[in-house]
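*Asks:* Here it is, the structure, as C-alpha cells.
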Number of protein chains: 2
Amino acid sequence: MLQARRNGLPAYKRIQEVILKRIEKGELHAGDPVGSERELARAHRVSLMTARHALAGLERDGMVERRPGAGTFVAPPKIHFNKLMSYTEQMLGRGMAPCSKLLCAKMIEKEPEIAARLALAPNSRMVKIERVRQTQAEPFAVETCYLSADEFSDLISMSLATNSLFTVLLNRYGVNLGYADEQVDATGADKRMADLLAVPEGAPLLRIRQVIYSTTAKPTIYVLGLYRPERHTLFIRRYR
Amino acid sequence: MLQARRNGLPAYKRIQEVILKRIEKGELHAGDPVGSERELARAHRVSLMTARHALAGLERDGMVERRPGAGTFVAPPKIHFNKLMSYTEQMLGRGMAPCSKLLCAKMIEKEPEIAARLALAPNSRMVKIERVRQTQAEPFAVETCYLSADEFSDLISMSLATNSLFTVLLNRYGVNLGYADEQVDATGADKRMADLLAVPEGAPLLRIRQVIYSTTAKPTIYVLGLYRPERHTLFIRRYR
DNA sequence: AAGTGGTCTAGACCACGGC
DNA sequence: CCGTGGTCTAGACCACTTC
C-alpha cells in the first residue's frame, strides 16, 4: 500500500499527533489507556511496527507509559526539570505576569572575556542588554545578555520590554535556541546591584552565568544573572 | 528462524554490546563509522529492522550519531551533565583525592521539616551525618545528610570517613539511588559555618538542598550543602 | 550511481498481566 | 484465558549524501 503521507507527515508522526491532540483537548487524562498497538494499527490502517514506533516515540518523550502485558497509558503530567525556558515562559508557566525593566541596550566592544564565551574574536562588537526582572514592584533579578553585534545588530532598537528575547531571535532572525550550559555560584551584592535589587551591600546573591546555544550548537547568547535568593530558587533534577 | 537468544539477550542488545565493547576497548574512536544497518544485519544475521533498532537505542543513549545518507558514527565522548554522583565519584572523576572530615554522626528526632523532606512522620528518628569536604587542607563545603533511622540505624557506627555513603547504602542495605531533586540558592555564612569554612561571617555561600531518591522513587537522603563559591561551581545543562 | 538512514508492510512467536 | 507490549523477519520504496 505504501505510505500515503497525507500532510507530508510520516504515518507514525500522524498517529503521535492524534494522540497528543486528544491529551491536549482533555479527552485523555493521566492514566487513561491510549489504545493498544493493535488497535492503533487497525484504526490508522498501518502495520503493527508503525503503530509501535509511534508509541515508542511518545514514551521516549515522557508522554505515555508502556506496561508490558497491560497496555499503554497517558503519563502523569511532568514537572519540567532542567528545561531551557525564557523568563517569559517561566513566568507564564507559574501563572504570573512577566515584568521587566530595560536598563540599557547598547553596543560594546573590547570585552574579550565575554567575547570568548560566545566564541568570538577578542575585540568583537557585541550587543549588551541589561534588564531588571520583577514581580509587581519588587525587583528580584538583574539579567545581562550579550550577543554578537554582527548577527543581531538591530536588536537594540527592538521592543524588548514587551517581547521575549527568545521570540525575537526566532521570528526576526530565524535562530532556534537548543540548550544552555550554566555555571552557578554565589556572590555578594556590590553597590550598584544592592541598589537595583533593593538589598544591603554585600548581601548574598545567586549568580548564574549561562551560555545559550542554538540548535546548531552555536553559542548565541551569554547571560549573567544575579538573583535575590529569597525570591528565586533554582530547581534541578539530577539523574544517575 | 526465530531469535536464537544466545546469552538470553535479545539480538538488538547483543549488537549494542558488541559495539559498546569495541568503543570501550579503543577499537572505535569518536567519529569512526560503526557500520551501516545493512552491514550489521549481515554480520549478526538479523533483519534490517533489528540492526536498526540496535543503532536507534545507541543513538538515544548518546553513544552514536546517525547522519542520513552518510552513516552511523561513534559520538564524541559526552561530558556528564546533570548526573547524580557521590562526592567520591565527583572527586575521582576530576582526578582528585576525595577528602572529608566527619563532624558528627548521631540520631536526631523532632525535626519535622527535615522529616517532611524524607516523607517521614514529623517526629521520626533520623540519622544525621555532618561532614566537611576539603581539598588538601582547605575546606570548601559542609554537607549534612539525613536518613531514616528505622532503615539505616547502624549507619552511625560505620566508617564513613573512608567509604562513600552511596557505596555503603548499596552494599550494606541494597539501596540503589536513582535521581535527586535539588534546590539551589545563596545564603550568608553564620558564625559556625564561617568558622568551619574559614570565611568571614556573612560571606556568600552557595546552598544546595538535595533530596535523593532511590530507583524505586522513595526519598532516601536529604542533604544540605553549603559551598564556598570561589572553590565550588555548579554546572548544569538545560535542554529546550 | 552506490550506499546510507528513514519509513513501512504483513505477518510471527514470546513473556507477562489481569481476569 | 486473551490481550498486551517486546522482539523479530524478509522484504520494499524514499530522500539524502558522497563520490
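The values are calculated or read from the model by the stated rules, or taken from the named source; none is laboratory data. Here the structure is a predicted model, which is why all the values come from computation and not from measurement. Here Cβ is always computed from backbone atoms with ideal geometry, including for glycine, and neighbour counts include all displayed protein chains.
*Asks:* For residue A:57, indicate whether it is assigned to a helix (DSSP H, G or I), within 14 Å of chain B (Cβ to nearest Cβ) and more than 10 Å from DNA strand D (Cβ to nearest atom).
*Replies:* Judged against the criteria, residue A:57 is a match.
*Asks:* A further question on this structure: Name the single residue that is farthest from DNA strand C (Cβ to nearest atom) among those in region B:25-45 being over 26 Å from residue A:60 (Cα atoms) and among the acidic types (Asp, Glu).
*Replies:* This residue is B:27.
Quick grid of which residues meet (1) assigned by TED's automatic domain parsing to the domain that holds residue A:87; (2) in contact with a strand residue (DSSP E or B) (Cβ under 6 Å, 6 or more places away or on another chain):
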site: A:172; (1), (2): yes, no
site: A:183; (1), (2): yes, yes
site: A:191; (1), (2): yes, no
site: A:194; (1), (2): yes, no
site: A:206; (1), (2): yes, yes
site: A:217; (1), (2): yes, no
site: A:224; (1), (2): yes, yes
site: A:240; (1), (2): no, yes
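*Asks:* Can I ask one more? Answer with yes or no whether residue B:98 is modelled with pLDDT under 95, on the phi < 0 side of the Ramachandran plot, away from DNA strand D (no atom under 16 Å from the Cβ) and in contact with a helix residue (DSSP H, G or I) (Cβ under 8 Å, 6 or more places away or on another chain).
*Replies:* yes
*Asks:* Further question: Read through the list (1) surrounded by 14 or more Cβ atoms within 10 Å (Cβ to Cβ); (2) within 15 Å of DNA strand C (Cβ to nearest atom); (3) farther than 29 Å from residue A:179 by Cβ; (4) not hydroxyl-bearing (Ser, Thr, Tyr), then give the number of the only condition that residue B:48 fails.
*Replies:* For residue B:48, the exception is condition (1).
*Asks:* From the list A:39, A:24, A:17, which one is acidic (Asp, Glu), without any contact (Cβ under 8 Å) to a residue 40 or more places away in the chain, away from chain B (no Cβ under 14 Å) and near DNA strand D (Cβ under 10 Å from one of its atoms)? Can you show your working first?
*Replies:* On the way: A:24 fails: near DNA strand D (Cβ under 10 Å from one of its atoms); A:17 fails: near DNA strand D (Cβ under 10 Å from one of its atoms).
Just one listed residue meets the conditions, A:39.
*Asks:* Now for a different question. Out of A:214, A:159, I need the residue that is surrounded by fewer than 20 Cβ atoms within 10 Å (Cβ to Cβ), free of Cβ contacts under 8 Å to residues at least 24 places away in the same chain and not basic (Lys, Arg). Which one?
*Replies:* Among A:214, A:159, only A:159 is surrounded by fewer than 20 Cβ atoms within 10 Å (Cβ to Cβ), free of Cβ contacts under 8 Å to residues at least 24 places away in the same chain and not basic (Lys, Arg).
*Asks:* Return yes when residue A:81 is more than 11 Å from DNA strand D (Cβ to nearest atom) and within 30 Å of residue A:238 (Cα to Cα) and no when it is not.
*Replies:* yes
*Asks:* Among the listed residues A:83, A:106, A:78, which satisfies the condition of being more than 12 Å from DNA strand C (Cβ to nearest atom) and away from chain B (no Cβ under 14 Å)? Give the derivation first.
*Replies:* Values: A:83 fails: away from chain B (no Cβ under 14 Å); A:78 fails: away from chain B (no Cβ under 14 Å).
Among A:83, A:106, A:78, only A:106 is more than 12 Å from DNA strand C (Cβ to nearest atom) and away from chain B (no Cβ under 14 Å).
*Asks:* Taking into account only those residues within region B:3-14 that are assigned to a loop (DSSP other than H, G, I, E, B) and within 7 Å of DNA strand D (Cβ to nearest atom), which is modelled with the highest pLDDT?
*Replies:* Residue satisfying both the conditions and the ranking: B:10.
*Asks:* What are the pairs, 6+ residues apart or on separate chains, where a residue within region B:72-91 that is charged (D, E, K, R) has its Cβ under 8 Å from a residue that is modelled with pLDDT of 90 or more?
*Replies:* Every condition considered, the pairs that remain are B:78/B:62; B:83/A:238; B:89/B:166.
*Asks:* Another question about this same structure. Given the structure, is residue A:218 among the basic types (Lys, Arg) and at pLDDT 95 or above? Break it down stepwise before answering.
*Replies:* Details: among the basic types (Lys, Arg): yes; at pLDDT 95 or above: no.
For residue A:218, the condition - among the basic types (Lys, Arg) and at pLDDT 95 or above - is not met.
*Asks:* Related question: Of all the strands (runs of 3 or more DSSP E) wholly in region B:130-240, which have at least 1 residues that are within 10 Å of chain A (Cβ to nearest Cβ) and of a type in the set (A, V, I, L, M, F, W, C)? Please lay out each step first, then the result.
*Replies:* Working: elements: B:138-148, B:177-188, B:204-214, B:219-227, B:234-239.
Counting at least 1 such residues, we get B:177-188, B:204-214, B:219-227, B:234-239.
*Asks:* Continuing with this model, one more query. Kindly evaluate residue B:62 against the criterion of being more than 8 Å from DNA strand D (Cβ to nearest atom), in contact with a Lys or Arg (Cβ under 7 Å, 6 or more places away or on another chain) and within 14 Å of chain A (Cβ to nearest Cβ).
*Replies:* Yes, satisfied.
*Asks:* Can residue B:219 be described as in contact (Cβ under 8 Å) with a residue 60 or more places away in the chain, over 17 Å from residue B:87 (Cβ atoms) and out of contact with any Pro (no Cβ under 7 Å at 6 or more places or on another chain)?
*Replies:* For residue B:219, the condition - in contact (Cβ under 8 Å) with a residue 60 or more places away in the chain, over 17 Å from residue B:87 (Cβ atoms) and out of contact with any Pro (no Cβ under 7 Å at 6 or more places or on another chain) - is met.
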